Amino acid sequence: MDLNDSTSLAELMSRYVSTETGFGVPKDGWRICLAHEFKEKRKPFQAKDVSLSNMIEHVSLGVRYLRWWYRKTQVEKKAPFIDMFRALPLRQIYGAPLGGIGGGSITRGWRGDFCRWQLNPGMYHYKTVIANQFTVCLRRCGQTVYQQVLSTERPPTLQGWNWGYCGEYAFYHALYPRAWTVYHLPGQNVTLTCRQVSPVIPHDYKDSSLPVAVFVWDIENKNDYALDVSIMFTMVNGSGHKDDKSGGHWNEPFHLEKDGESVSGVLLHHQTPVNPYTLCIAAREKVIHQTAFSPKGTCSALWSDLMTDGQLDSPKDSSPPTQKGEEVAAALAVSCSVPANSHNSVEFSLAWDMPKITFGSRERIYERRYTRYYGTKGDAAPSLSHYALTHYSKWEESIDEWQRPILQDGSLPAWYKSALFNELYFVVDGGTVWVELPEDADISGGLRPEDGGLPAQPDVIKDYGRFAYLEGQEYRMYNTYDVHFYASFALIMLWPKLALSVQYDIAGSVVQHDPTERLNLMNGRYSPVKTRGVVPHDIGDPDDEPWVRANAYMIHDTADWKDLNLKFVLQVYRDYYLTQDEQYLKDMWPICQTVMEMELKFDKDGDGLIENSGYADQTYDGWKVTGPSAYCGGLWLASVCMMCKMARVLNCESVYQRYRDILERGRAAFDKLLWNGKYYNYDSSGQSMSNSVMSDQCAGHWFLRASGLGDDDYQVAFPKEKICSALKSVFDLNVMSFSDGQMGAVNGMRPEGVPDRSSVQSDEVWVGVVYGLAATMIHEGMIEEGMRTAEGCYRAVWERMGMAFQTPEAYCEKGIYRSLAYMRPLSIWAMQLALNNRPNHGKTTDKDVGQDSAEALYMFPWFALSSQNM
């Protein structure tokens with residue numbers, strides 16, 4: 001099948017029977033009929049999926065993990081950072097998440113369900129709260145003619161409501177950070193379009209932090225008579241968690257007038273002993289409400305109240321605190337008149353205020369970023385709601401300005417535009433936390449600038465806060481650095497101050513040492529949790545104490561990882577190249593020298609090339625390697641190359657000469673040991689699988705290109721003709737010879753055209769790696785190949801497997817996936833960087849791309865919107 005014929009995309013809308021296209025719904029994005037059912041049903045990776053040879057090889061690891069898992073779950077009563085026995089089942093239901101960055105997130109599914117919750121930092125709760133709904137009431141001449149819950153569900157509760165909306169008359173359309181749901185009301189000649197808006201705006205460090213979203217309902221009346229229309233929004237006080245019934249929760253109505261605008265709604269106070277919060281549903285005009293109702297039983301009284309006159313009782317008093325075992329919900333309705341053959345709209349907001357947070361160990365209290373503007377008292381929900389309802393149009397203007405040049409670029413395919421923006425969901429829905437730096441915090445690790453360290457409180461962290469996101473919703477470790485290496489392109493291009501903040505945090509941890517002995521599950525030996533001079537794997541587990549105890553990952557001895565230090569150096573120069581922040585480069589330079597000195601210990605024979613042994617690279621830690629390898633060897637040469645470049649920028653001639661010598665020797669050894677005439681061998685061991693074709697073999701060169709290097713003096717690391725030959729081999733074998741070229745690039749492929757099945761990881765497709773590979777191809781002028789490579793992943797994940805807004809780390813050709821909702825696919829923004837760097841870029845855009853400011857944002861997004869919006 002030709003991927004460009006969009007057959008799988010057409011299938012997503014094949015059951016849509018209406019001709020209505022909705023109000024203001026864009027052309028580009030991910031679209032699906034609410035009646036769609038995915039044919040492909042995949043299962044999570046389990047022990048039974050491991051080959052017999054790999055199972056035998058790792059039997060000791062399995063026993064150690066089982067013992068550790070039992071102690072963690074049954075004795076400590078904690079959740080494992082990776083739970084191999086309780087992998088998330090695939091629920092093909094998720095849509096664009098609500099809210100800004102780092103204040104918690106609530107995901108609304110593509111059928112309209114509120115179904116994924118991350119209010120406690122980094123800890124996910126997957127529960128559909130069925131009472132959280134929108135309901136429409138149509139009235140003509142004082143009589144209700146139609147009232148319907150806008151849900152396709154038929155739940156066993158709330159039987160007094162009219163459920164079972166026909167999904168064949170509705171579709172969902174996502175172009176993150178916005179989404180649209182179009183409902184044609186059968187027999188009523190009325191179409192509703194719900195537009196969901198979240199304040200996720202590049203280079204905005206204030207509004208982008210706000211835990212709030214807006215729902216705009218556009219109502220099209222195509223009848224020859226007027227209608228009165230009410231939209232009701234119902235919300236349970238809680239998230240479907242067991243603590244919803246713990247007692248002590250209560251609701252109260254509120255009204256806030258400010259700057260000539262009034263907002264009214266209901267506050268739902270959720271009084272848990274740890275991380276209490278307030279939910280808030282609000283609207284601007286003709287607001288009516290029901291402060292409290294029980295979401296159990298038939299709930300027919302609320303339904304009848306609305307149906308009688310399109311209104312709600314609107315009591316003025318607060319509800320009493322709930323008793324243990326009880327739940328409480330609230331309702332808000334807005335009414336408007338819609339003339340014949342005309343249009344009107346109503347707006348709602350949903351906000352949540354959890355200003356102070358603690359992590360699992362409860363050792364420290366952190367203040368979320370938005371508290372800089374709204375305080376820490378827990379009374380900000382009305383003000384947040386007021387601000388959202390009066391400013392969302394400005395958010396949309398900024399979003400349009402950001403997205404327009406890309407959406408109107410006629411050279412870019414529609415699937416890519418959808419993938420580029422929709423994969424950004426993870427910046428919000430990656431268990432993300434964004435907090436203020438405490439006044440007494442010291443991120444330097446105790447080593448001051450005069451001794452080759454960092455300031456205790458670098459300006460970028462003081463001004464922009466600390467940022468962390470999970471490796472994945474199932475792999476619960478913050479800022480996993482080898483994966484952030486790929487995902488970081490989204491941050492450095494769109495929120496560069498957050499990317500730099502992460503780098504300062506990582507740099508400060510390099511000089512730290514934690515001598516606590518810990519069992520390494522892979523080899524059964526004990527070693528220190530953190531070794532000085534080594535970049536940590538991660539900054540901690542949200543169920544423990546991130547930023548205090550790093551390296552939650554305990555599979556291997558983290559002192560052995562070679563690629564983490566290299567990836568630090570590569571990101572330092574790339575970030576400097578894209579931001580031109582000279583102070584950042586000066587601060588990072590001594591840390592770069594420290595980690596490179598650690599790496600040089602692995603150049604045991606003095607040939608300028610580091611060696612590997614066992615599983616000694618963090619990214620592909622399940623794939624054995626012996627001796628110098630294409631992946632780590634390539635990262636090493638690129639890092640040496642960047643040390644040369646940084647030394648020149650900082651006028652450190654002696655350092656330049658030293659690393660220039662290492663580069664010359666290392667490049668010669670790399671070619672001699674790994675180049676086979678067509679591509680770089682997986683490793684230099686000469687064993688049966690050493691000549692496998694690794695899809696990620698050019699990762700080091702990719703970062704050189706992304707940093708404006710790879711030509712002239714810096715082509716010495718990877719000659720262009722060899723890179724192009726290697727990329728062609730990868731495209732021919734890993735892409736086109738795998739699943740008919742329809743699933744992206746498999747990690748490892750044998751020269752004879754069959755997947756390398758020597759490890760669990762070698763026959764997987766890693767979506768984020770594929771996007772990075774595609775970016776490398778684009779940098780080298782292989783634009784068609786790069787797009788074809790990435791397209792296979794997008795169509796597999798978003799159109800066939802039903803994994804929208806939960807892109808996994810990995811999937812195999814058939815049947816299984818691994819680690820839903822993963823960080824690495826944010827690397828798709830590396831493709832955009834490569835596209836921005838095309839020769840004569842910008843000449844193929846449509847005529848109406850227009851203003852220079854929009855073009856500048858497209859070409860140089862890190863310089864465009866003001867970074868002073870703090």
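The values are calculated or read from the model by the stated rules, or taken from the named source; none is laboratory data. The model shown is predicted, which means the values in this text are computed figures rather than measured ones. As a convention, Cβ positions derive from the backbone with ideal geometry for all residues, glycine included, and neighbour counts pool all protein chains shown. These accessible areas exclude ligands, DNA and RNA; they are computed on the full protein's heavy atoms, side chains included. Shrake-Rupley method; radii C 1.70, N 1.55, O 1.52, S 1.80 Å.
Per residue of the stretch 693-708, what does 6.51 cos²θ - 1.76 cosθ + 1.60 with θ = phi - 60° give for ³J(HN,Hα)? Whole Hz please, x for Gly and Pro, Karplus curve as stated.
Karplus-based 3J(HN,Hα) across the stretch 693-708 equals 8, 8, 5, 9, 5, 9, 4, x, 5, 3, 5, 4, 5, 5, 9, x Hz.
Reachable lysines from K462, Cα under 26 Å, same-chain residues fewer than 8 places away excluded?
Excluding near neighbours in sequence, the set is K206, K356, K377, K497, K530, K567, K586.
Among G453, S758, W415, flag the residue with its Cα farthest along the positive direction of the charge dipole of the chain, charges on Cβ as +1 for Lys/Arg and -1 for Asp/Glu.
It is S758.
For the chain, what relative contact order do you get, as a whole percent, if you take Cα pairs closer than 8 Å and at least 6 residues apart?
Reported as a whole number, the value is 13 percent.
Mind putting a number on the dipole of the chain about its Cα centre? Charges go on the C-beta only, +1 for Lys and Arg and -1 for Asp and Glu, and I need it in Debye to the nearest 20.
Taking the Cα centre of the chain as origin, the dipole is about 1620 debye.
Which lysines, if any, have their Cα less than 17 Å from the Cα of K316, not counting same-chain residues under 8 positions apart?
K286
Can you give me the Rg/Rh ratio for the stretch 433-571, using Cα atoms for both radii and the Kirkwood formula for Rh?
Rounded to two decimals, Rg/Rh equals 0.95.
No solvent, one uniform scatterer per C-alpha: report log10 I(q)/I(0) for the stretch 96-403 via the Debye equation at q = 0.07 1/Å, two decimals.
The Cα Debye sum returns log10 ratios of -0.25.
Students often check this: by mean Cβ neighbours within 10 Å, which of 206-215, 368-377 ranks highest, and how do the rest follow?
Order by mean packing, descending: 206-215, 368-377.
Using a 1.4 Å probe, what is the accessible area per residue for the chain, in Å²?
The answer is 34 Å² per residue.
Which values of log₁₀ I(q)/I(0), to two decimal places, follow from the Debye formula for the stretch 437-837 at q = 0.13 Å⁻¹ with a uniform point scatterer at every Cα?
Results for the stretch 437-837 at q = 0.13 Å⁻¹ read -1.08.
Please report the Cα spread of the stretch 249-293 along all three principal axes, rounded to whole Å, starting with the longest.
Extents along the principal axes, in whole Å: 37, 25, 10.
Using 0.36 nm times the number of residues separating C141 and W68, minus their current alpha carbon distance, what extension gain do you get?
The C141-W68 span can extend by a further 19.5 nm.
Once label points are set 7 Å from the Cα along Cα→Cβ at both A226 and I56, what is their separation, rounded to one decimal in nm?
My value for the distance between the label points is 8.2 nm.
Specify, per residue and in Å³, the volume enclosed by the convex hull of the alpha carbon atoms belonging to the chain.
Looking at the chain, the number lands at 157 Å³ per residue.
How do V266, V17 stack up against each other in accessible area, from largest to smallest, with a 1.4 angstrom probe?
V17, V266
Could you order the peptides 139-147, 583-591, 97-105 from most to least packed, using the average number of other C-beta atoms within 10 Å per residue?
97-105, 583-591, 139-147
Which one of T807, A35, V63 has its Cα pushed farthest toward the positive end of the charge dipole of the chain, where Lys and Arg give +1 and Asp and Glu give -1 at the Cβ?
Checking the options against the dipole of the chain, the answer is V63.
Tell me, how many Å apart are the Cα centres for the stretch 806-842 and for the stretch 635-700?
Cα centroid of the stretch 806-842 versus Cα centroid of the stretch 635-700: 25 Å apart.
Measure up K242/K296; K601/K720; K562/K604; K296/K324 against 18 Å on the Cα-Cα distance and list the ones that go over.
Violating the 18 Å Cα-Cα cut-off are K601/K720.
Extension gain L650-E363, at 0.36 nm per residue separation less the Cα-Cα distance, in nm?
Residue separation times 0.36 nm, minus the Cα-Cα distance, leaves 99.2 nm.
Return the sequence-ordered ³J(HN,Hα) values of the stretch 196-209 in whole Hz as given by the Karplus equation 6.51 cos²θ - 1.76 cosθ + 1.60 applied to θ = phi - 60°, using x for Gly and Pro.
Karplus values, whole Hz, x for Gly and Pro: 9, 10, 10, x, 10, 10, x, 6, 9, 10, 10, 4, 5, 8.
Using R₀ = 56 Å, calculate the FRET efficiency as 1/(1 + (r/R₀)^6) where r is the Cβ-Cβ separation of C724 and E261; round to 0.05.
Calculated value: 0.45.
What is the Cα centroid distance between the stretch 701-741 and the stretch 188-242, reported in whole angstrom?
45
Between R518 and Q657, how many nm apart are label points set 7 Å from Cα along the C-beta direction?
With each label placed 7 Å out from Cα toward Cβ, I get 4.3 nm.
In the stretch 1-119, what percent of the accessible surface is made up of carbon and sulfur (1.4 Å probe, ligands and nucleic acids excluded)?
57
Roll a 1.4 angstrom probe over the protein heavy atoms and tell me the percent of accessible area of the stretch 437-837 that is carbon or sulfur.
46
Computed over the Cα atoms of the stretch 155-259, what is the ratio Rg over Rh, Rh following Kirkwood?
Value, to two decimals: 1.02.
Would you mind telling me the share, in percent, of accessible area of the stretch 137-216 contributed by carbon and sulfur at probe 1.4 angstrom?
41
Under a point-charge model restricted to the Cβ atoms of Lys and Arg (+1) and Asp and Glu (-1), what is the dipole moment magnitude of the stretch 96-403 relative to its Cα centre, in debye to the nearest 20?
Computed charge dipole of the stretch 96-403: roughly 840 debye.
Ranking request for peptides 514-526, 816-828, 161-173: highest mean number of other beta-carbon atoms within 10 Å first, then the rest in descending order.
Top to bottom by mean Cβ count within 10 Å: 816-828, 161-173, 514-526.
Post the alpha-carbon centroid distance, the stretch 752-772 to the stretch 378-410, in whole angstrom.
So the separation of the two Cα centres works out to 39 Å.
Calculate, in nm to one decimal, what A301 and Y126 gain on full extension: separation in residues at 0.36 nm each, minus their alpha carbon distance.
Answer, rounded to one decimal: 60.1 nm.
Given the -39500 (n - 2.57) contribution per DSSP H run of 4+ residues, what per-residue ellipticity at 222 nm results for the chain, rounded to the nearest 500 deg cm²/dmol?
Estimated from H runs of four or more residues: -9000 deg cm²/dmol.
About the Cα centre of the stretch 437-837, how large is the charge dipole given +1 on each Lys and Arg Cβ and -1 on each Asp and Glu Cβ? Please answer in debye to the nearest 20.
Dipole size: approximately 600 debye.
List the lysines whose Cα sits under 29 Å from the Cα of K48, skipping any in the same chain fewer than 8 residues away.
Once the sequence-local lysines are set aside, what remains near K48 is K39, K72, K77, K78, K127, K624, K814.
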